[in-house]
Amino acid sequence: MGAIDRFLKNAVFEPRDITAMSMALDEVCNELKVNGDALAKEIIATRIIELARRGERNPIKLRDHVLAEAKAQTTRQQGFVVESKLANTDARKSNRFLAALDQQDYLRLAAHLRPVALHQGRVLHDNGDPIEHVYFLHSSSVSLVVTMRDGTAIETVMLGRAGVIGWPAAWGGRHCNGRAIVRLPGSATQLAAAEFRAAARESEAIYQLALRYNDFLLAQVQQAVACTTLHQLEARLCRWLMQAHDCTDGNVISVTQELLSQVLGVRRTSVTLVEQALKSAGVIGSRRSRVEILDRSKLEARACECHGSIRNLIDNTFPIAPGEKKQVTASEIRMGISSPRDIHDRGRPVSTTS
Ligand SMILES: [Zn+2]
């Protein structure tokens, strides 16, 4: 039995190809010194199987290809594995798109995922840019923004832990719509658009989830249009702070009045007045570029219904993959979700093996 056998699952290969893949797996694991690390071995095996499916059956080329990828991702000898682990633990528990994939599809992406830090104000893409990378957001927040000719702009969608940027790459989309700008700094994982495209070609589940995500975004834009048109500024600002709180670790949000006026499309003086009212009521504290959430329940009581509607959209779009044990994030604890069973119960009913 070759080293790769237990990872093959339903894949069918000739015995000589299995031998070649097993040799490559052994050599990569030896080179990276990860023979005792089951998770690292599984990620490497998944990558080798992917390459073999695409036609590469030469053990030396398989080995060299995977080692080159590992070394390209880090200057540290074992960084590939360290980063893969990081992607596996953090990515899995804190991005709803990744959490909705079963283990095999997740590993298909995890082999390529690299952690990246997103700094506030960074533009991930502008309108018409080619889609080069796909980002999965973990503790950061990104706004999709429409900019007018005179430079005024408004947020159409705010993305947090359910966020994916560059998702149209799944069906070969080449260009980005609107501007994606990092509102709240934090962590994300990324992979090349071509790698995401290849994964969606190989896995119907990844392709279908990207389609569902597209529907989710359309629904969120519709909600945003209604919110902007029908709801009062205080309710909208509280809704925005709730969303920001959901994708932040802790209770302090890095946001200025200027930024709030931009995302809500109102004058800064209007934001100042609302902030003062919220401070007087003990809902928030604010100082320079920081807003601290002092009383989440009071904030929720003043927010419009749109926060709850968007949360339901997220739960309906991303049921937890059957059999997966999803870890509960800080934001979900804030939402009153205390166990994976609660997450299942809140979203669309899903079949589970637990
Ligand atoms: Zn609203």
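The values are calculated or read from the model by the stated rules, or taken from the named source; none is laboratory data. Predicted model only: the values in this text are computed from it and were never measured. Cβ placement follows ideal geometry from the backbone for every residue including glycine, while neighbour counts extend to all protein chains displayed.
What number of residues in region 215-241 are more than 16 Å from the ligand (Cβ to nearest atom) and within 17 Å of Glu155 (Cα to Cα)?
Step one: of region 215-241, the residues more than 16 Å from the ligand (Cβ to nearest atom) are 215-218.
Remaining after also requiring within 17 Å of Glu155 (Cα to Cα): 216-218.
Total meeting the criteria: 3.
Which residue pairs have Cβ atoms closer than 8 Å, lie 6 or more positions apart in sequence or on different chains, and pair a first residue in region 226-241 that is on the phi < 0 side of the Ramachandran plot and without any contact (Cβ under 8 Å) to a residue 12 or more places away in the chain with a second residue that is near the ligand (Cβ under 7 Å from one of its atoms) and of a type in the set (S, T, N, Q)?
From region 226-241, no pairs qualify.
I need the full set of residues from region 287-301 which are surrounded by 18 or more Cβ atoms within 10 Å (Cβ to Cβ) and more than 16 Å from the ligand (Cβ to nearest atom), in order please.
Val291, Ile293
Could you please let me know if Ala205 is farther than 21 Å from Ser140 by Cβ, away from the ligand (no atom under 16 Å from the Cβ) and surrounded by 21 or more Cβ atoms within 10 Å (Cβ to Cβ)?
On the way: farther than 21 Å from Ser140 by Cβ: yes; away from the ligand (no atom under 16 Å from the Cβ): yes; surrounded by 21 or more Cβ atoms within 10 Å (Cβ to Cβ): no.
In short, no.
Being surrounded by 15 or more Cβ atoms within 10 Å (Cβ to Cβ), aliphatic (A, V, I, L, M) and modelled with pLDDT under 85: is that true of Leu25 here? Break it down stepwise before answering.
Numbers: surrounded by 15 or more Cβ atoms within 10 Å (Cβ to Cβ): yes; aliphatic (A, V, I, L, M): yes; modelled with pLDDT under 85: no.
No; evaluated as a whole, the condition is false for this residue.
Looking at the structure I just gave you, is Cys304 more than 16 Å from the ligand (Cβ to nearest atom), more than 30 Å from Arg53 (Cα to Cα), of a type outside the set (A, V, I, L, M) and surrounded by 18 or more Cβ atoms within 10 Å (Cβ to Cβ)?
Spelling it out, it is not the case that Cys304 is more than 16 Å from the ligand (Cβ to nearest atom), more than 30 Å from Arg53 (Cα to Cα), of a type outside the set (A, V, I, L, M) and surrounded by 18 or more Cβ atoms within 10 Å (Cβ to Cβ).
Which of the numbered conditions does Phe7 fail, given that it passes all the others? Conditions: (1) closer than 17 Å to Asp105 by Cα; (2) over 28 Å from the mean Cα position of the chain (by Cα); (3) of a type outside the set (Gly, Ala, Ser).
The single condition Phe7 does not satisfy is (2).
Of the conditions (1) buried (at least 21 other Cβ atoms within 10 Å of the Cβ); (2) under 22 Å from Leu101 (Cα atoms); (3) hydroxyl-bearing (Ser, Thr, Tyr), Ser143 clears all except one; give me its number.
Only one criterion is unmet by Ser143, namely (2).
With respect to Ala188, determine if the residue is in contact with a strand residue (DSSP E or B) (Cβ under 9 Å, 6 or more places away or on another chain), part of a strand (DSSP E or B), within 21 Å of Thr317 (Cα to Cα) and of a type outside the set (Ser, Thr, Tyr). Talk me through it step by step, then tell me what you get.
Values: in contact with a strand residue (DSSP E or B) (Cβ under 9 Å, 6 or more places away or on another chain): yes; part of a strand (DSSP E or B): yes; within 21 Å of Thr317 (Cα to Cα): yes; of a type outside the set (Ser, Thr, Tyr): yes.
So Ala188 fits the description; yes.
Return yes or no: is Ala193 buried (at least 22 other Cβ atoms within 10 Å of the Cβ), at pLDDT 95 or above and farther than 16 Å from His307 by Cβ?
Numbers: buried (at least 22 other Cβ atoms within 10 Å of the Cβ): no; at pLDDT 95 or above: yes; farther than 16 Å from His307 by Cβ: yes.
Criteria not met by Ala193.
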